[in-house]
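Working notes, beginning with the structure itself.
The values are calculated or read from the model by the stated rules, or taken from the named source; none is laboratory data. Because the structure is a prediction, the values reported are computed rather than measured. Heads up, the Cβs are rebuilt from the backbone with ideal geometry, glycines too, and the neighbour counts pull from every protein chain shown.
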Amino acid sequence: MTGALNVLVVEDDATIGMLLAELLETMGHRVCAIESTEAGAVESAARFKPDLMIVDALLGEGSGLSAIETIQSSRPVPHVFVSGNLAGVRMRGPHAIGLQKPYSEPQLAEAIKRALAPGA
């Protein structure tokens, strides 16, 4: 997939969610929504049908990991997990594409590229 992506951000820290959305837009993508809960992530994924999701693994209300499992059961969506504890993400899904917080724009760009690669 090339060009601008329609991205759903799932992040329970409002400041981080807004900064990530700004970064993605600077990178040339469109942010369709910023959700802070598992239920909101599932609902927005169904409504907006994003090309990509950037998902905080641990949310205040629910789990980003569980949200992705639910979403993937109806429609595969490339995704990148972000977490302060990436080891915990790897335990749930050893092939998951993840970024350790804090991360840089080049690291985010590389993770997006890996998430969109065939067979990812």
Worksheet item: Any residue in the range 49-62 that is β-branched (Val, Ile, Thr), surrounded by 19 or more Cβ atoms within 10 Å (Cβ to Cβ) and either closer than 27 Å to GLY3 by Cβ or modelled with pLDDT under 95 (or both)?
Response: yes
Worksheet entry | the range 11-43 - residue that is in a helix (DSSP H, G or I), out of contact with any helix residue (DSSP H, G or I) (no Cβ under 9 Å at 6 or more places or on another chain) and small (Gly, Ala, Ser) and, of those, farthest from ALA111 (Cα to Cα) | ALA14
Worksheet, complete the sentence: Contact list, first residue from the range 46-69 and outside any helix (DSSP H, G or I), second anywhere and surrounded by fewer than 16 Cβ atoms within 10 Å (Cβ to Cβ), beta-carbon distance below 7 Å, six or more apart or interchain, is PRO50/ASN6; ASP51/MET1; ASP51/ASN6; ALA57/GLY88; GLY62/ALA39
Worksheet entry | Residues of the range 78-92 satisfying the condition of being touching a strand residue (DSSP E or B) at 6+ places or on another chain (Cβ under 6 Å) and assigned to a loop (DSSP other than H, G, I, E, B) | PRO78
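Among the residues that make up the range 88-104, is at least one of them of a type in the set (Ser, Thr, Tyr) and more than 19 Å from VAL31 (Cα to Cα)? Full working, then the answer.
From the range 88-104, those of a type in the set (Ser, Thr, Tyr) are 103-104; that's our starting set.
Next, from what is left, pick out any that are more than 19 Å from VAL31 (Cα to Cα): none.
No: zero hits.
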Worksheet entry | Among residues of the range 93-109, those that are free of Cβ contacts under 8 Å to residues at least 60 places away in the same chain, in a helix (DSSP H, G or I) and in contact with a strand residue (DSSP E or B) (Cβ under 9 Å, 6 or more places away or on another chain), counted | 1
Discussion item. Taking the condition of being surrounded by 14 or more Cβ atoms within 10 Å (Cβ to Cβ) and under 18 Å from GLY3 (Cα atoms), how many residues in the range 81-106 meet it?
Written reply: 0
Worksheet item: Quick check, is SER74 of a type in the set (S, T, N, Q), surrounded by fewer than 12 Cβ atoms within 10 Å (Cβ to Cβ) and touching a residue at least 12 places away in the same chain (Cβ under 8 Å)?
Response: yes
